[in-house]
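Enquirer: This is the structure I have questions about; it appears just below.
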Amino acid sequence: MASSVRQQKFARLVQKELSEIFQRDKHGYLDNAFITIAEVKVSPDLGVAKVYISMMLAKDKQAILAKLDLHKKEIRRALGEKIRNQVRIVPEIAFFLDEVEENALRMDKLIEGLNIPPVPPASPAVGSRQEPKKKK
């Protein structure tokens, strides 16, 4: 399903402001974990924002995700304080793990582990004759 321009602009705004909230992390939601907001998808009525989070260096990703879900109301309030003059409603937030990077790393390891023999050098076809070029 394609997103409208309005949804895309709203999603970028939510992504930018949530990034700033997590970067400052006054309340200790992240336990000093380095996270990235990979993507935000917004419902057509702009009432729900699905936030996809990437945590490459975190040890216990599920624990951090659970902590974010626990503090969802405080995060939504902080988001509302930042965007209240720009939007009518502050969306409900749902956090999800973004596994695109992990899947890409896993596929790279699989490809590196493949035993692919080198391609033999191309030899001229049998019976074909190449005539030398004549000088003019």
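The values are calculated or read from the model by the stated rules, or taken from the named source; none is laboratory data. Everything numeric here is computed off the predicted structure, so don't read it as measured data. All Cβ positions, glycine included, derive from the backbone under ideal geometry; neighbour counts span all protein chains shown.
Enquirer: Restricting attention to the range 46-77, which residues are charged (D, E, K, R), over 19 Å from the mean Cα position of the chain (by Cα) and under 24 Å from ARG12 (Cβ atoms)?
Expert: Of everything in the range 46-77, those that are charged (D, E, K, R), over 19 Å from the mean Cα position of the chain (by Cα) and under 24 Å from ARG12 (Cβ atoms) turn out to be LYS72, LYS73, GLU74, ARG76, ARG77.
Enquirer: Only residues that are surrounded by fewer than 15 Cβ atoms within 10 Å (Cβ to Cβ) and closer than 21 Å to ARG6 by Cβ: list them for the range 44-65, please. Lay out the reasoning, then the answer.
Expert: Taking the range 44-65 as the starting set, the residues that turn out to be surrounded by fewer than 15 Cβ atoms within 10 Å (Cβ to Cβ) are 44-45, 47-48, 56-57, 59-60, 62-63.
If the condition is that a residue be surrounded by fewer than 15 Cβ atoms within 10 Å (Cβ to Cβ) and closer than 21 Å to ARG6 by Cβ, then PRO44, ASP45, GLY47, VAL48 are the ones that fit.
Enquirer: For the range 76-88, name all the residues that are exposed (fewer than 14 other Cβ atoms within 10 Å of the Cβ) and modelled with pLDDT of 90 or more.
Expert: Within the range 76-88, ARG77, GLU81 qualify.
Enquirer: Restricting the first residue to the range 49-66 and requiring it to be more than 23 Å from VAL90 (Cβ to Cβ), which pairs with a second residue that is of a type in the set (Lys, Arg) meet a Cβ separation below 8 Å and a spacing of at least six or different chains?
Expert: Correct list of pairs: MET55/LYS61.
Enquirer: While we're on this one: Give the range 10-45 a look and list any residue that's without any contact (Cβ under 8 Å) to a residue 40 or more places away in the chain, part of a helix (DSSP H, G or I) and within 15 Å of the chain's Cα centre (by Cα), or say none.
Expert: Once the filter is applied, which keeps residues that are without any contact (Cβ under 8 Å) to a residue 40 or more places away in the chain, part of a helix (DSSP H, G or I) and within 15 Å of the chain's Cα centre (by Cα), the range 10-45 yields ALA11, ARG12, GLN15, LYS16, SER19.
Enquirer: Among what's in the range 89-123 and is of a type in the set (Val, Ile, Thr) and closer than 21 Å to ARG6 by Cα, pick the residue that is modelled with the highest pLDDT.
Expert: Of everything passing the filter in the range 89-123, ILE93 is modelled with the highest pLDDT.
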